[in-house]
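Visitor: There's a structure below that I have some questions on.
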Amino acid sequence: MSGPSRMPGSVFDLFKIGIGPSSSHTMGPMVAARHFVQQIPALNAVARVRVTLFGSLAATGRGHATDKAVFWGLSGLSPHSVTPAAQQQVLEALSEGTLHLDGRHTLPFETARDLIWEPDTVLAEHPNAVRFEALDTRGGVLASETAFSIGGGAVRYQGQAPDAAGDVAKVPYPYQNGVELVRLCKQHGLRVSDLVRANELARMTPEALSEGIRQCWDVMQACVRRGLTREGTLPGGLRLRRRAPGLYRSLSGGESGNLIASTLPAMDWLNLYALAVNEENAAGGQVVTAPTNGAAGIIPAVLHYFVHFARPLSNEALERFFLAATAVGDLIRRHASISGAEVGCQGEVGSACAMAAAGLAEVLGGTPRQVENAAEIGLEHNLGLTCDPVKGLVQVPCIERNAIAAVKAVNAAQMALRGDGYHFVSLDRVIRTLRDTGADMADKYKETARGGLAVNYPEC
């Protein structure tokens, strides 16, 4: 496979605790804004801050809360630890024309003047770009930084080499593609998760790895619990009613006409778990990028399916799932993209489906070849998937799309485990096809809300 030679990334490059509705359009800009304000050498000299959003960040930024995310980041808030109360405090100050820069320096902020939207200007480095400028009393630029939200909450800064955006620690088992991954597993008698674990332990202690994965799983479970019980409509103007609570009552036998007797109960529960997570994400709740917010429901749904229909999830199984999923997600991130603005939803939902299929195959005892096969099936059958959110909201078709992909992931794992791991098309070729398809895809289908379902839906 062609592409830059880079060390495998970490599990926590793909799984990050943050907030909805979007990892690239909410979390990324928030991280970039916080980074910028913390780099300003003389904060008290700043009289005004100017922010310019470019390309996809501007085209769908209002629906993805990009403007709010920028304000939160400039105020010093982090997506990992932010609270609703802190978010609201920043917005209330802004309604009075005030911004508390890094929470330490107060200055006037006029949204109509200081936040500039440039949807038709796409910077060469990436379609998700934002520029921050700190100005003095005369309008002179004290500090400036251009950032690119490259997917999954990750940020690269102008002038920064791509390798610098990831973890380049020396690892015992470096691999550049799926063929090398499987070969190394066979050569050293390792499962996929064993190999990834060894690489992770070159970066962190076993305790840090286990604790980080456990935290991600705890947040995923809490997100599902909230999504199962919170009623009402989602924000943004579509008046989309949350479906997960009603479906949960029905599946649990709490309503007449319950679905317990369904011929496909596993599919019903997979749908439910994915809907619960992505409805929470659409409402701006706390989620885990897996590998993005727009695809955050697939992996939690498949993990809950494992608990519900296979066996209790031990700490060992949990870590094996995450680590095998990481191997696949990292290959896609390195050689194609997980950014909807760059390659369409095939890079988000397709990646998550492949990761979930690999993780499930791993915990069900799959060989390295079977795990690679499961990922290939999951990704192959999401090729060409566009990112065309109605009104720029991570709701339609995004929420249902997670449910469909969760079912696909389980099916992909099952198909792979029924075979011997040998298959006609390799994961590497499918990743290359994802990359090429994304390059050929018209921009209107890549998170701009200017094509597809975004312009072909009935007005209500």
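Visitor: Only one of (1) crowded, with 24+ Cβ neighbours inside 10 Å; (2) on the phi < 0 side of the Ramachandran plot is not met by Ala65, so which one is it?
Guide: (2)
Visitor: What's the number of the condition Gly227 fails, among (1) crowded, with 17+ Cβ neighbours inside 10 Å; (2) under 21 Å from Thr26 (Cβ atoms); (3) in contact with a strand residue (DSSP E or B) (Cβ under 9 Å, 6 or more places away or on another chain)?
Guide: Going through (1) crowded, with 17+ Cβ neighbours inside 10 Å; (2) under 21 Å from Thr26 (Cβ atoms); (3) in contact with a strand residue (DSSP E or B) (Cβ under 9 Å, 6 or more places away or on another chain) one by one, Gly227 breaks only (3).
Visitor: Identify all residues within region 291-329 that are of a type in the set (D, E, K, R) and touching a Ser or Thr at 6+ places or on another chain (Cβ under 8 Å); write none if there are none.
Guide: Within region 291-329, Glu319, Arg320 meet the criteria.
Visitor: Give the residue, chosen from Ala283, Ala325, Ala310, Ala317, that is surrounded by 24 or more Cβ atoms within 10 Å (Cβ to Cβ) and in the same structural domain as Ala361 (by TED's automatic domain parsing).
Guide: The conditions single out Ala325.
Visitor: Exactly one condition in (1) under 23 Å from Lys16 (Cα atoms); (2) in contact with a Gly (Cβ under 9 Å, 6 or more places away or on another chain); (3) surrounded by 14 or more Cβ atoms within 10 Å (Cβ to Cβ); (4) of a type outside the set (Val, Ile, Thr) is false for Gly103; which is it?
Guide: For Gly103, the failing item is (1).
Visitor: Among (1) closer than 16 Å to Gly297 by Cβ; (2) of a type outside the set (Val, Ile, Thr); (3) surrounded by fewer than 17 Cβ atoms within 10 Å (Cβ to Cβ), there is one condition Met220 misses while meeting the rest; what is its number?
Guide: (3)
Visitor: May I ask you to say which residue of Gln414, Gln395 is within 23 Å of the chain's Cα centre (by Cα) and of a type in the set (S, T, N, Q)?
Guide: Just a single option satisfies the conditions, and that option is Gln395.
Visitor: Moving on. Determine which member of the set Val70, Val46, Val82, Val130 is surrounded by 17 or more Cβ atoms within 10 Å (Cβ to Cβ), over 18 Å from Gly153 (Cα atoms) and among the aliphatic types (A, V, I, L, M).
Guide: Result of the check over Val70, Val46, Val82, Val130: Val46.
Visitor: Right, next: Name every residue in region 58-86 that is out of contact with any strand residue (DSSP E or B) (no Cβ under 8 Å at 6 or more places or on another chain) and in contact (Cβ under 8 Å) with a residue 60 or more places away in the chain, in order of residue number.
Guide: Correct list: Ala59, Thr60, Arg62, Gly63, His64, Ala65.
Visitor: Right, another one. Note down all Cβ pairs under 7 Å where the first residue falls in region 304-332 and is under 14 Å from Ser10 (Cβ atoms), the second is of a type in the set (Lys, Arg) and modelled with pLDDT of 95 or more, and they're at least six residues apart or on different chains.
Guide: Leu323/Arg197
Visitor: Being among the polar types (S, T, N, Q) and at pLDDT below 95 narrows it down to one residue among Ser210, Ser256; which is it?
Guide: Answer to the selection: Ser256.
The values are calculated or read from the model by the stated rules, or taken from the named source; none is laboratory data. Model, not experiment: these values are computed from the prediction. Here the Cβ is made from the backbone with ideal geometry for all residues, glycine too, and neighbour counts use every protein chain on show.
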